Amino acid sequence: MAILVMRPFPDNEATAAALREAGYGVLLSPSLRFEPVAVRDEPEAHYNAVIVTSANALRGIEGQPLLARLRSTKVFAVGDATADAARAFGFGDVESASGDAVALCDLVGKRLREAGQICYLAGADLSRDLGTDLGARGYQVTTLTTYRMTPLLHFSEAVEAAFGAGEVEAVLHYSRRSAQSFVGAVKSAGLEISALALPQCCISEVVAAVLREAGAARALVAVSPDENAIFEVLHRAIPLKRRVAKSGKQ
């Protein structure tokens, strides 16, 4: 029995390791493929802050002069994991909003009292345009698209076989686009009834809405948009005590 993780590589590997450590079996089925995008940077531009909502935005400029030039700039990250990624990429002054896009905008508003120039490192598909949100607060925002996530609309043979054998216990979803890709793969494989009947553990209500619209009856939402909270949802849906009892462990 296993938990299906739809998160893209390489973040899915860390999630899988944490789940295995907790005692769950894991199947990985990346629903999106990361692709860096060529950035049209202006070397003379000066920014008072950088905002990031995903570690992928930093991966997209890895090895580029832009990354080296921005490292001395204050970074506002949407959550703790993204903040940790920014530090790993060499940024020294990093602060996490520990929340969502709204929390990130509020944090910027508190820390940057005077409207300044902000560099928004973003993906090609925006669920929320922070440039517009912060622009309404008086900030000048330059949005640099550094990556795109391409949907992978088919499961591997191993994952389809696991569904057919009833070996998938629950599915973890970390983004709206990932959930959309999952729905596409489910329909392509003809697994709408069995796959959508499983607990769908979602990092936010926005993600859950995609699954409910597709017919999922058990779209469960984390209390906060972070991995610890989504794991708590999973623990409630698939208690470890039940797994231990099944395996015969003491």
- Within the stretch 2-24, how many residues turn out to be surrounded by fewer than 17 Cβ atoms within 10 Å (Cβ to Cβ), assigned to a loop (DSSP other than H, G, I, E, B) and in contact (Cβ under 8 Å) with a residue 60 or more places away in the chain? 1
- Item | Residue selected from the stretch 34-44 under the condition surrounded by 12 or more Cβ atoms within 10 Å (Cβ to Cβ) and part of a loop (DSSP other than H, G, I, E, B), by the criterion farthest from the chain's Cα centre (by Cα) | 41
- Item | Candidate set: the stretch 155-195, residues that are in contact (Cβ under 8 Å) with a residue 60 or more places away in the chain and among the charged types (D, E, K, R); chosen: the one nearest to residue 24 (Cα to Cα) | 169
- Message: Could you check the stretch 45-73 and list, in sequence order, the residues that are part of a loop (DSSP other than H, G, I, E, B) and touching a Lys or Arg at 6+ places or on another chain (Cβ under 8 Å)?
- Response: 48
- Task: Report, by residue number, each residue of the stretch 98-136 that is of a type outside the set (Gly, Ala, Ser), in contact with a Gly (Cβ under 9 Å, 6 or more places away or on another chain) and modelled with pLDDT of 90 or more.
- Result: 104, 106, 107, 118, 120, 121, 134
- Note on the structure: Scanning the stretch 98-128 for residues that are within 16 Å of the chain's Cα centre (by Cα) and in a loop (DSSP other than H, G, I, E, B) gives 98, 99, 100, 124, 125, 126, 127, 128
- Find all pairs meeting these conditions: Cβ atoms under 7 angstrom apart; at least six residues apart or on different chains; first residue within the stretch 52-77 and on the phi < 0 side of the Ramachandran plot and among the aromatic types (Phe, Trp, Tyr); second residue assigned to a loop (DSSP other than H, G, I, E, B) and crowded, with 22+ Cβ neighbours inside 10 Å. 76/97
- Item | The listed residue being polar (S, T, N, Q) and surrounded by fewer than 16 Cβ atoms within 10 Å (Cβ to Cβ), out of 54, 29, 72, 96 | 72
- Query: Among 170, 219, which is at pLDDT 95 or above, of a type in the set (Gly, Ala, Ser), more than 24 Å from residue 125 (Cα to Cα) and in contact with a strand residue (DSSP E or B) (Cβ under 6 Å, 6 or more places away or on another chain)?
  - Reply: 170
- Query: Among (1) in contact (Cβ under 8 Å) with a residue 60 or more places away in the chain; (2) hydroxyl-bearing (Ser, Thr, Tyr); (3) more than 30 Å from residue 163 (Cα to Cα), which single condition is residue 31 missing?
  - Reply: (3)
- Task: Tally the residues that are within 29 Å of residue 127 (Cα to Cα) and among the charged types (D, E, K, R), restricting the search to the stretch 149-159.
- Result: 0
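The values are calculated or read from the model by the stated rules, or taken from the named source; none is laboratory data. Everything numeric here is computed off the predicted structure, so don't read it as measured data. As a convention, Cβ positions derive from the backbone with ideal geometry for all residues, glycine included, and neighbour counts pool all protein chains shown.
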